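As structure tokens, the structure follows; a few thoughts come after it.
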Amino acid sequence: MSCLRLAVSLNSARPLPLNSQNLSLLARRNQNISLARRQLSKAVEESARKTSSNGTFKLALLGASIGAVAGSSYTFYTNFTDKNAHKEHERTPPKMIDALPAGVRITKRYVNPKDNTGLDIVLFQFQTCPFCCKVRAYLDYMGVSYAVVEVDAVLRQDIRWSSVKKVPMVLIRQGNGAYVQMTDSSAIISLVATTLNDKRIDVGDLAQFYPQISFFDDDGKKRQDILNKYFLMYQDRTPKNMTKELEENERKWRTWADNHLVHLISPNCYQTIGESFETFEWFAKAGEWDVYFPKWERDLMVYCGATAMWAIAKMLKRRHDLSDDVRSHMYDALDKWSVELKKRNTKFMAGKQPGLSDLSVFGVLSSMEGCQTFKDCLLNTNIGKWFYDVKELVEQNRGQLHRERIVGVSSTA
Ligand SMILES: N[C@@H](CCC(=O)N[C@@H](CS)C(=O)NCC(=O)O)C(=O)O
């Protein structure tokens, strides 16, 4: 657990599992985060008086750095008696790219005529990857237009240019025309949500608050994560309806979606070789692989994917300590979500409208919507009503689909 106390500044390097033992750690970490965020707000307020936006942001960064140092020092001081508390870490800011990498093949675009955000986003994804589904759920719900590059999950030619080989990944155009490269679904959502809440600061500058960090865990294994990924940088513009309790609850369930719920999907959907093939056939349908890839590539993805994931699912089941009755873990998780919703007595976790926690949990679950596991969940839990309520709003706000790269033979358009 000590690696969780990594003395980085603004947020958890590795989000805490949700149990009472960790709550006090979380509270202490939040104190440091609040301190750094207050410094950031202060610097932004101060710099708002300056005329140059570049200068403004440098000041904000300086403020955040002072906050970060103060927060880190405080945490280090409080932890110095614990010999495991200090873990080396490195930070890498998001990459800036002058232009779209050569050969980027846009597959489709969602264009919303009402989108006035000014954002230019290219999403590199696998259509049914739960993390990618989360990002799309958020962008669609917010009515943001974006372009999609459907990446071949086996060959991954479309992300060959990138040193990070995971999806989702986005390129977002900044004011100066260059693109900022963001990875990690939760960090992408937090960055875009921060930008939509406050347009004073360029998205590329805001991205500096979500650097990649690497650190060593208790077993000496090097791990990577994105700092602040569950935090929105509200500064002095916290939305009126956003209470501290709601903000914390949103973070709690977003973390749960990433650290718990998502890990139940593979052991369920690839439980047997038959189920694994069924799942991949659904992926091919949902991802319209027939449309975007030649037949040999589509079949390669189905056969290699289904076989590999069936084998990997067994390992994941052990890693996440799941019993042979893997469905029961999924039902328990969904019951936990439903019980909390009932307790709050609101249509969505965030209130009358879906919040980031609703969209994250919805996104994760939508990745298996065509699978037997999801059908079983509808029959055995109460998740259905909430799920379809969120889905209706997400689909209502989504931009219109425009296909760009059509190489296959059958189109369902
Ligand atoms: N924490 C990341 C996880 C992303 C992730 O693991 N993506 C999977 C696809 S579902 C991937 O790209 N795996 C390829 C790999 O690990 O090489 C996020 O939230 O975006």
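Assigned by TED's automatic domain parsing to the domain that holds Cys269, in contact (Cβ under 8 Å) with a residue 60 or more places away in the chain and closer than 28 Å to Arg251 by Cα: which single residue out of Met368, Met301 fits that description? Criteria check complete, one pass: Met368.
For the range 174-184, the set of residues classified as of a type in the set (Phe, Trp, Tyr) and within 11 Å of the ligand (Cβ to nearest atom) is empty.
Evaluating Thr107 against the criteria (1) within 12 Å of the ligand (Cβ to nearest atom); (2) surrounded by 15 or more Cβ atoms within 10 Å (Cβ to Cβ); (3) over 21 Å from the mean Cα position of the chain (by Cα) leaves one unmet condition, (1). Only a single criterion out of (1) closer than 21 Å to Ser366 by Cα; (2) at pLDDT 95 or above is not satisfied by Gly287, namely (2).
Residues that are part of a loop (DSSP other than H, G, I, E, B) and either within 16 Å of the ligand (Cβ to nearest atom) or out of contact with any strand residue (DSSP E or B) (no Cβ under 9 Å at 6 or more places or on another chain) (or both) within the range 119-136 comprise Phe126, Gln127, Thr128, Cys129, listed in sequence order. The condition of being of a type in the set (D, E, K, R) and within 16 Å of the ligand (Cβ to nearest atom) does not hold for Arg200.
Cβ-Cβ below 6 Å, separation at least six or inter-chain, first residue in the range 162-182 and more than 13 Å from Val149 (Cα to Cα) and not assigned by TED's automatic domain parsing to the domain that holds Gly363, second among the charged types (D, E, K, R) and more than 10 Å from the ligand (Cβ to nearest atom): which pairs? Hits for this filter: Arg173/Asp120; Gln174/Asp202; Gly175/Asp202; Ala178/Asp98; Tyr179/Arg173; Gln181/Lys95.
Checking Val192, Val151, Val180 one by one, the residue that is crowded, with 18+ Cβ neighbours inside 10 Å and in contact with a Pro (Cβ under 9 Å, 6 or more places away or on another chain) is Val180 and no other. Output the qualifying pairs, or none if there are none: Cβ atoms under 6 angstrom, residues six or more apart or on different chains, first residue in the range 124-135 and under 18 Å from Tyr292 (Cα atoms), second residue assigned to a helix (DSSP H, G or I) and β-branched (Val, Ile, Thr). Taking only residues 6 or more apart or on different chains, the pairs are Phe124/Ile159. For the range 137-173, the set of residues classified as within 11 Å of the ligand (Cβ to nearest atom) and among the basic types (Lys, Arg) consists of Arg156, Lys165, Lys166, listed by residue number. Restricting to the range 202-248, count the residues that are closer than 21 Å to Ser185 by Cα and in the same structural domain as Gln181 (by TED's automatic domain parsing). The total comes to 27.
A residue that is in contact with a Ser or Thr (Cβ under 7 Å, 6 or more places away or on another chain), of a type outside the set (Lys, Arg) and either free of Cβ contacts under 8 Å to residues at least 40 places away in the same chain or closer than 25 Å to Met142 by Cβ (or both) can be found somewhere in the range 304-312.
The values are calculated or read from the model by the stated rules, or taken from the named source; none is laboratory data. Since this is a predicted model, take the numbers as computed values, not measurements. Counting neighbours? That spans all protein chains shown, and the Cβs are built from the backbone with ideal geometry, glycine included.
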